[in-house]
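Okay, structure first, notes after.
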Amino acid sequence: MAINVKLDRILLERGMSLTELSERVGVTIANLSILKTGKAKAIRFSTLEAICKELDCQPGDILSFDD
Amino acid sequence: MTKKNKVAGILSVILLIVFIISLITMLVTGLVALFMFIAVPVGGFFDGLLDGFRSDSDSDYTMGEFVEITMAFITATMFVVVSSRLMEVLRTISAGTPFEAENADRFKRIAKVIFFAELAKLAIVPIAFLWAVLFGVEYGDGGGLSIDLTNWLGAAVALVLAEVFREGARLQEEQEFTV
C-alpha cells in the first residue's frame, strides 16, 4: 500500500507502549496493532484525532505517502 | 432469541423438511428411472443388452413416461442441493456472520445447479424424442417440453444474491479493518 504508518516510530520516540496508547485513546490493542502493522484499510478521523492528541503530533507524523 | 434468529430457525426447520422430502423423492425417482430405463423398449442394440432384465409386463412403459420420471429426479436433486446450501446460509445468519465470501459462493452454486437442472430438463425431451424416432420406439403422451420460467428467475435471483453477499463480505472486511 502507498500509505505508510509510522506509529511504531512515534511510540518509540515518546517512550509509550501500544497498551498504554490503547488505554489512553480508547481503541483496542488489536485495532492499534492492525494500524501499526499497516493492515488497516481505513482510519476514522476520531481515532486519528485521539492518537494525535495523546502523542502530541500531527497526522503527517503518523501517516506518509509513498509514490 | 432475537426476531432474526427466530425467523432463521423457522426457515431452517422448513428447509430441513424440504431437504428430507426431496432426498426421499430423489432416491425413489432415481430408482424408478433406473428401473424404467431397463424396462422401456429403447430400441437399437440396447434392447438386446437389456432383454435379460425384463419381464413381459415391462413393455407397458413408454419413453415419454421415462422422460417424466427422469425430469422429476432432476428436480428432486436440484431441491436437495438448493435446500442444503440454503440451510448452510441460514446457519451463518444464526451465528451472526452472514456476510462471508462462502455465502456468495453458495448462492452462485445454487444458481448454477438451477441453471444446469433446467438445461438438462430442456435437453432430455428432444434427445429422447429423437431417440424414439431413430429407433422406432413409442414415445407416448407424457414427457412433453415445458419451460419453467420460475426456476430460471430463481437462478437469476440466486446470482444477484451472490453478488449482494460478495459486496457485503467486502464491506464487512473493510469495516473490520477500519481503526
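Structure above, values below:
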| read-out | value |
| --- | --- |
| Spherically averaged projected area in nm², based on the convex hull that wraps the Cα atoms of chain A | 4.1 nm² |
| In chain A, trypsin sites (Lys or Arg not before Pro) in a DSSP loop with at most 11 other beta-carbon atoms within 10 Å | A:Arg44 |
| Theoretical ellipticity at 222 nm over chain B - DSSP helices of four or more residues, -39500 (n - 2.57) apiece, nearest 500 | -28000 deg cm²/dmol |
| Centroid-to-centroid separation of the range B:124-176 and the range A:33-67 [C-alpha atoms, Å] | 51 Å |
| Options A:Asn31, A:Cys52, A:Ser17, ranked by Cα towards positive dipole end of the range A:3-57, top entry (Cβ charges) | A:Asn31 |
| Rg/Rg_globular for the protein assembly as shown, with Rg_globular taken as 2.2 N^0.38 Å and Rg from C-alpha atoms | 1.70 |
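No value in this document is a laboratory result; all are computed from the given coordinates. All figures in this text were calculated on a predicted structure; none of them were measured in a lab. Note that each Cβ is placed from the backbone with ideal geometry, even for glycine, and that neighbours are counted across all protein chains shown.
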